[in-house]
Amino acid sequence: MQITEKILLLITAVITTIAALFCVISLGTSNWTAPYGLFCNICPSAPAGLSVIAFILLLASILILTLLALSIFPKSLRAMAFGGLFSATIFTLAAYTSYVDPIIGYSFKLMVVAHFLCYIASLFTAFWLGGSYATRVVTPDNS
């Protein structure tokens with residue numbers, strides 16, 4: 001069975017949506033360290049800003065992937081999906097590595113999961129890009 005371009009884009013969009021869900025839950029919960037979330041007076045501001053940027057990039061990537069799957073977005077701009085996902089992985093990685101504390105709560109772990117899913121989704125996008133740029137190879141069997 002061959003995976004079509006539309007199915008691969010939809011799988012990537014679903015994984016990216018799950019990553020965005022983990023990201024927004026991580027942003028909204030207050031267990032990054034013991035009783036504190038990202039948006040407290042004594043917390044560093046860098047992880048909060050990086051996490052918000054990552055979430056925005058994830059939403060933009062979901063939109064781009066969905067529009068590409070529905071053939072609404074022009075194919076000439078298909079590398080934007082990979083660029084958005086790759087940028088989101090950088091921002092999620094920066095968000096949770098800039099928040100260093102000996103007592104790490106479940107919100108930190110949710111951001112780690114979001115980063116992992118972003119990375120997997122960007123790999124699917126790279127796979128899709130590689131397949132969509134490929135040309136037909138003529139062999140003696142299918143000439």
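The values are calculated or read from the model by the stated rules, or taken from the named source; none is laboratory data. In this text, all values refer to a predicted model and were calculated from it rather than measured experimentally. Cβ sites come from the backbone with ideal geometry, for glycine too, and all protein chains shown count toward neighbours. Surface accessibility is based on the protein's heavy atoms, side chains included, excluding ligands, DNA and RNA. Shrake-Rupley method; radii C 1.70, N 1.55, O 1.52, S 1.80 Å.
If I filter the stretch 62-97 down to residues being open to solvent by 50 Å² or more (accessible area, probe 1.4 Å) and outside any helix (DSSP H, G or I), which single residue comes out as modelled with the lowest pLDDT? Among those residues, the one meeting the criterion is PRO74. The listed residues are PHE124, PHE55, and the only one of them that is touching a residue at least 40 places away in the same chain (Cβ under 8 Å) and crowded, with 16+ Cβ neighbours inside 10 Å turns out to be PHE124. Restricting attention to the stretch 1-37 and to residues that are more than 24 Å from ILE62 (Cα to Cα) and open to solvent by less than 70 Å² (accessible area, probe 1.4 Å), the residue that is modelled with the lowest pLDDT turns out to be ALA34.
Candidates LEU57, LEU85, LEU77, LEU68: the one that is of a type in the set (A, V, I, L, M, F, W, C), over 18 Å from THR17 (Cβ atoms) and touching a Leu at 6+ places or on another chain (Cβ under 9 Å) is LEU77. Pairing each residue of the stretch 1-24 that is at positive phi with any residue that is part of a helix (DSSP H, G or I) and surrounded by fewer than 22 Cβ atoms within 10 Å (Cβ to Cβ), provided the two are 6+ apart or on different chains, yields no C-beta distance under 8 Å.
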